[in-house]
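Report on one structure; see the data block that follows.
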Amino acid sequence: LNTISFILFSLIALAEGGKSQIPLADPYILIDDGKYYAYGTHDANGIRCYTSDDLRSWVDAGLALNKENTTEKKWFWAPEVYRIADNEYIMYFSANEHLFAAKATSPKGPFKQVGTYQMNNLLGSEKCIDSHVFFDDDGKAYIFFVRFTDGNCIWQAELESDYITPKEGTLRKCFAVSQDWENKLGRVNEGPNV
């Protein structure tokens with residue numbers, strides 16, 4: 001719903017002759033205590049954050065995740081940020097075609113990477129992108145992401161109670177390319193969202 005709201009307001013602004021104030025691909029918006037925080041793919045130095053009170057006027061809040069607080073130096077893509085407790089936030093993101101998690105005490109950061117590749121215990125150094133986390137009503141969390149198997153395919157795994165570590169034995173393929181249009185620019189399924 002948050003991402004849909006962002007897309008709708010962006011389309012309204014463009015229809016009204018406006019230009020998007022936030023230059024983000026793979027956009028994600030967190031609503032926290034009545035304020036909107038937008039993150040996305042754009043900055044070579046990490047993940048930038050923009051804030052708004054109304055989804056129309058945005059302020060650049062700087063780098064929420066600076067590459068200096070990670071082990072990676074390029075391709076910071078598709079972030080999502082969740083509040084998991086009072087003053088505890090997790091950012092899930094791709095960097096250098098691997099999945100990572102970072103923590104901060106504010107939605108504006110500074111986020112600092114936790115551990116190594118998020119899928120290291122299940123997939124080793126295999127490349128993955130575009131993580132999305134679903135928090136179920138029973139307290140469990142599941143990560144959905146893109147693996148480069150038979151093109152880009154959507155996979156999932158349950159996360160441990162730290163909401164970062166993938167649980168052994170839970171890796172499952174969700175779906176792969178099945179439609180003709182998905183073959184036009186390579187075999188591509190990307191950007192999972194539940």
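The values are calculated or read from the model by the stated rules, or taken from the named source; none is laboratory data. Everything numeric here is computed off the predicted structure, so don't read it as measured data. Cβ: placed from backbone, ideal geometry, glycine included. Neighbour counts: every protein chain shown. We work out accessible area using only protein heavy atoms, side chains counted, and drop any ligands, DNA or RNA first. Shrake-Rupley method; radii C 1.70, N 1.55, O 1.52, S 1.80 Å.
Whenever you get a sec, compute what percent of the accessible area on segment 23-97 sits on carbon and sulfur atoms (1.4 Å probe). Could the numbers behind the result be given before it?
Details: 1390 of 3190 Å².
Carbon and sulfur together cover 44 percent of it.
Using the Cβ atoms and a cut-off under 12 Å, what net charge is assigned to the surroundings of Gly46, where Lys and Arg are +1 and Asp and Glu are -1?
After counting each charged neighbour, the total is +2.
Answer rounded, prolate or oblate for segment 57-96, using the Cα gyration tensor with square roots of eigenvalues a ≥ b ≥ c: rounded when a/c is under 1.5, else prolate when a/b is larger than b/c, else oblate. If you can, show how the numbers build up before the last one.
Details: a/c = 1.87, a/b = 1.27, b/c = 1.47.
Here segment 57-96 falls in the oblate category.
Can you pull the semi-axes for segment 28-90, root of five times each eigenvalue of the Cα gyration tensor, sorted largest first, whole Å?
Numbers: eigenvalues 85, 43, 16 Å².
The three semi-axes for segment 28-90 are 21, 15, 9 Å.
Give, in nm to one decimal, the length gained when the segment between Asp60 and Val114 is fully stretched (0.36 nm per residue of separation minus the Cα-Cα distance).
Details: separation 54, 0.36 × 54 = 19.44 nm, distance 2.49 nm.
So the chain would gain 16.9 nm between Asp60 and Val114.
Any idea of the accessible area per residue across the chain, 1.4 Å probe, to the nearest Å²? Please list the in-between numbers first.
Working: 9810 Å² over 194 residues.
Dividing the accessible area of the chain by its residue count gives 51 Å².
In the calculated pair distance distribution of segment 149-194, what percentage of Cα-Cα distances lie above 11 Å? Present the calculation step by step, with values, prior to reporting the outcome.
Values: 721 of 1035 pairs.
Beyond 11 Å sits 70 percent of the P(r) for segment 149-194.
Debye calculation, C-alpha points only, no solvent: report log10 I(q)/I(0) for the chain at q = 0.11, 0.15 Å⁻¹, in the same order as the q values.
After summing over all Cα pairs, the log10 values are -0.49, -0.92.
Give me the number: length gained by fully extending Lys127 to Lys173, i.e. 0.36 nm times residue separation minus the C-alpha to C-alpha distance, one decimal in nm.
Details: separation 46, 0.36 × 46 = 16.56 nm, distance 1.52 nm.
My answer for the length gained is 15.0 nm.
I need the peptides 101-113, 23-35 ranked by packing, meaning the mean over residues of other C-beta atoms within 10 angstrom, with the highest value on top. Could you put the intermediate results ahead of the total?
On the way: 101-113: 20.0, 23-35: 15.5.
By packing density, highest mean first, the sequence is 101-113, 23-35.
Would you please classify the overall shape of segment 118-167 from the alpha carbon gyration tensor, given that a ≥ b ≥ c denote the square roots of the eigenvalues, rounded means a/c under 1.5, and beyond that prolate means a/b larger than b/c while oblate covers the rest? Numbers along the way, then the final one.
On the way: a/c = 2.93, a/b = 1.62, b/c = 1.81.
Oblate.
Run the numbers on the chain and let me know its relative contact order in percent, using alpha-carbon pairs under 8 Å that are six or more apart.
Working: 453 pairs, mean separation 24.1, N = 194.
Result for the chain is 12 percent.
With respect to the cross-link table entries Lys112/Lys184; Lys108/Lys167; Lys108/Lys184; Lys35/Lys127; Lys103/Lys173; Lys140/Lys184, which display a Cα-Cα separation exceeding 31 Å? Don't jump to the answer; show the numbers that get you there.
Values: Lys112/Lys184 38 Å; Lys108/Lys167 29 Å; Lys108/Lys184 38 Å; Lys35/Lys127 34 Å; Lys103/Lys173 27 Å; Lys140/Lys184 36 Å.
Check vs 31 Å cut-off fails for Lys112/Lys184; Lys108/Lys184; Lys35/Lys127; Lys140/Lys184.
Send over the per residue convex hull volume for segment 83-153, Cα only, as a whole number of Å³.
Numbers: hull volume 7.2 nm³, N = 71.
Value for segment 83-153: 102 Å³ per residue.
Can you tell me which of 137-147, 46-56 comes out highest on packing, and rank the rest after it, using the mean Cβ neighbours within 10 Å? Show your work: numbers first, answer last.
On the way: 137-147: 17.0, 46-56: 19.3.
Averaged packing, sorted descending, gives the order 46-56, 137-147.
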